[in-house]
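Structure first, then comments.
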Amino acid sequence: MSYATVADFRAYLEQIPVGAAKDVQIQAVLDRATQVINTELGFAFGTAAAGTRIVYGDGTDYLIPPHFTAGSVTLVTVPSGYTVPTYIEQDGALVIMRGGRIGMPDWWWDDVDYLMSTGWLSGLPYTVSATFGYTTVPADIVECCLEIAVRIWRGRDAGFSDVVGVEGSGAVGYNGALPAMVKRVLDHYKQTTTGVW
């Protein structure tokens, strides 16, 4: 399944001739653009699945696993000899509850050593069981797919060279790499989903 539709693509490039044969070509380009995104990220959208991930504590009250479906965390385990603190899910993080309160209590400055020793312990591996990944395709990923597909479509007309024509006294450039906005969006998803830049 591609992340954008033929209709989406036609809305971008209205001058493309209408016809079933062209639609087949457009779909093939959208499929390739989708694969570029999947290859860049190392995962596919719309494929969320239950599983486990190891997340290392950083000494704070916030443990941030890779992207998971809200409400899907079923279990957090730690190595023998350690205890999992009481926590809630909040905005994509597991936040420690202290005395019925979320996160750092009012008295935190009185006993910093105690506080730091009872957060998600720095360097300790926590195994989180949840549904990880994305169940749907976000709108910004649809946009990325379209931008990559347009580059593929136009690039083939230029033989994938860096120049697509001459305008006035200079060449009109064509950049074959990922557009800056696409790169930024994909970097965001890579970091929030896999924890890696």
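The values are calculated or read from the model by the stated rules, or taken from the named source; none is laboratory data. Note that this is a predicted model, so its numbers are computed, not measured. Neighbour counts run over all protein chains shown; Cβ positions are idealised from the backbone, glycine included.
Mind listing whichever residues of the stretch 49-83 are closer than 12 Å to VAL128 by Cα, outside any loop (DSSP other than H, G, I, E, B) and either in contact with a Gly (Cβ under 9 Å, 6 or more places away or on another chain) or not small (Gly, Ala, Ser) (or both)?
If the condition is that a residue be closer than 12 Å to VAL128 by Cα, outside any loop (DSSP other than H, G, I, E, B) and either in contact with a Gly (Cβ under 9 Å, 6 or more places away or on another chain) or not small (Gly, Ala, Ser) (or both), then GLY51, THR52, ARG53, ILE54, VAL55, TYR56, LEU63, PHE68, LEU75, VAL76, THR77 are the ones that fit.
So, in the stretch 65-74, of the ones that are free of Cβ contacts under 8 Å to residues at least 60 places away in the same chain and not small (Gly, Ala, Ser), which residue ends up nearest to PHE45 (Cα to Cα)?
VAL73
Would you please name the residue that is nearest to the chain's Cα centre (by Cα), looking only at residues in the stretch 51-65 that are of a type in the set (Gly, Ala, Ser) and under 10 Å from LEU124 (Cα atoms)?
Residue satisfying both the conditions and the ranking: GLY57.
Could you please find all residues in the stretch 13-24 being surrounded by 15 or more Cβ atoms within 10 Å (Cβ to Cβ) and not in a loop (DSSP other than H, G, I, E, B)?
Listed by number, the list holds a single entry, ASP23.
How about the stretch 99-197: which strands (runs of 3 or more DSSP E) wholly inside it have at least 1 residues that are modelled with pLDDT of 90 or more and surrounded by 12 or more Cβ atoms within 10 Å (Cβ to Cβ)?
125-132
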